[in-house]
Amino acid sequence: MSPFSRRTALRSMFSGSLLMPGLLSELLAADDPLSPHRSHSKARAKRMIMIYATGGVSHIDSFDPKPIAKGRDGTGKDKLMGNLFGTGHNKKCGTEVSGLFPHVRGLMDDVCLIRGMKASHFDHSEATLGMHTGSPTFARPSMGSWVSYGLGTFNANLPSFIVICPHLPYGGTQVYGSDFLPACHQGTRVIPGDTPIANLRTPAASKELQSMELDLVGRMNQKHFATRSHDTALAARIKSFETAFQMQKAAPEAFDIAQEPEHIRKLYGLDRKLKGPGSDFGWQCLVARRLAERGVRFIELIDTGSRPNWDSHGEMNEHADLARNVDQPTAALITDLKQRGMLDDTIIFWATEFGRTPTREGKNGRGHHRDCFSVWLAGGGFKPGHVHGKTDDIGKYTVENPVEVHDLHATILHQLGMNHEKLTFRHAGRDFRLTDVHGRVITDLLA
């Protein structure tokens, strides 16, 4: 059928009808899976930005630096090796951070640092999935999907859960998958570059035709849904199509950092000529702030680095190159949100899958280490300038206040106003939750 005859047929069938978004909004208004939901308790935070450094960042060389003195130069019989990148203290709170992150170190008085984190597993994929889903071994919904399911979103024109990453991390798409939760809660992947989301823009010449086609799809969906009004998965799928249509207008504007003043782009370390973001982490962080402003509930920035990532088995100097790419933009995100009055109700969560061994491996690297490592949180009611937990003098074991992944998830949900024991979904005959049958809220982390 030619474009003209197809257009004519559609017009004759549905002349004067509503566009798809209006139809489906009316259809799903009674039970919109993405509308803002009432939280279990008063929330300290409205939204969350997760920054994930894939590969395993060395705690010993970053946020829990251990001295290289006392024979810890990697050459002895036990090959003990201390922090290789120098160190310094935040001038206000005194928290010690290595030379890898000087910009973030300057803002540690806004950061709640956990030094006694324990990983779910010692392998990359399993530990990555554990940090994201609470389960290192079974397919489960990601934390972003649970937050979307529990709270909905503020902006119907954008997904409630957006993931920005140039390359997939260990664990692949499962790190932002919704699994048994309704499909509308799955993360939408954005790739830094000139085309963040494929097929988002519609040629101007086809807009009229597209509107009529989507109108037809909307009416067909309405008829189909009328016979299955209790099918929440179907309602979610229909809603996802509506969101995709609305994104054609909202998303290009949200990703257009050319609208930002020069001093903001400079704050994030972006090229003032805007030749294209490429894989620059500054673009990811600035877009995250723009998405947070526009009502996106959960945003994840995955730092996969160039090749290799943070998995520095053979040479720890790789950490230096990777840190230079993310330190300034990460600090800029904290600063920018604080200046706009958004840090108080936004959680920034920086994490990696595990730490690295206190002993040298290969030429000058470190192995995987699950027994202790560092993560941190800023904003959202977490205690600023606070250090929780302590490791031994070589960074091998936690000696005070260990934190399990389920505890961390329970605490984050608490700050978002959700009781981790009540945030459940019935599947395969049982009630599942992000924290499985574990987890406790760590009140010492809260302001």
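Here, each number is a calculation from the coordinates, and none is a lab measurement. Every value quoted in this text rests on a predicted model; they were computed, and no experiment measured them. All Cβ positions, even for glycine, are placed from backbone atoms using ideal geometry, and neighbour counts span all protein chains on display.
A few comments on the model shown:
- Between ASN401 and HIS438, the modelled label-to-label distance comes to 2.0 nm, taking each label 7 Å out from Cα in the direction of the beta carbon.
- Residue-span extension gain [ASP109 to LYS390] - 0.36 nm each, minus C-alpha spacing: 99.4 nm
- Per-residue Cβ neighbour counts within 10 Å put LYS77, LYS396 in the sequence LYS77, LYS396, beginning with the fewest.
- Each peptide in 57-64, 411-418, 317-324 was scored by the mean count of other Cβ atoms within 10 Å over its residues; highest first, the order is 57-64, 411-418, 317-324.
- For peptides 331-337, 126-132, sequence by mean Cβ density within 10 Å, most packed first: 126-132, 331-337
- DSSP bridge pairs, segment 311-447: antiparallel proportion in percent, nearest 5: 90
- Approximating the spin labels as points 7 Å out from Cα along Cα→Cβ, the LYS70-to-ASP256 distance works out to 5.8 nm.
- FRET efficiency, 1/(1 + (r/R0)^6) with R0 25 Å, evaluated for ILE191 and LYS249 via beta carbons: 0.80
- Chain lengthening between GLU315 and LYS338 when straightened (0.36 nm per residue, less Cα-Cα): 4.7 nm
- When only the Cβ of Lys, Arg, Asp and Glu is charged (+1, +1, -1, -1), the dipole of segment 49-163 relative to its Cα centre reaches about 280 debye.
- Residue pairs, from the table LYS42/LYS383; LYS46/LYS266; LYS79/LYS396; LYS66/LYS383; LYS77/LYS118; LYS266/LYS338, whose Cα atoms sit over 20 Å apart: LYS46/LYS266; LYS66/LYS383; LYS77/LYS118
- Rg [Å, one decimal], Dmax [Å, integer] - segment 36-193, C-alpha atoms: 19.1, 60
- Highest average packing first - 37-49, 143-155, 424-436, Cβ atoms within 10 Å: 143-155, 37-49, 424-436
- For segment 83-143, chymotrypsin sites (Phe, Trp or Tyr not before Pro) are listed when DSSP marks them as loop and at most 13 other Cβ atoms sit within 10 Å of their Cβ; the list is PHE138.
- Euclidean distance between Cα centres, segment 365-421 to segment 39-99, Å: 12
- Ranking of MET50, MET117 by count of other Cβ atoms within 10 Å, fewest first: MET50, MET117
- More than 26 Å apart - percent of Cα-Cα pairs taken over segment 319-447: 37
- Cβ-to-Cβ counts within 10 Å put SER135, SER160 in ascending order as SER135, SER160, the fewest first.
- Taking 7 Å steps out from each Cα toward its Cβ at ALA183 and MET220 produces label points 1.4 nm apart.
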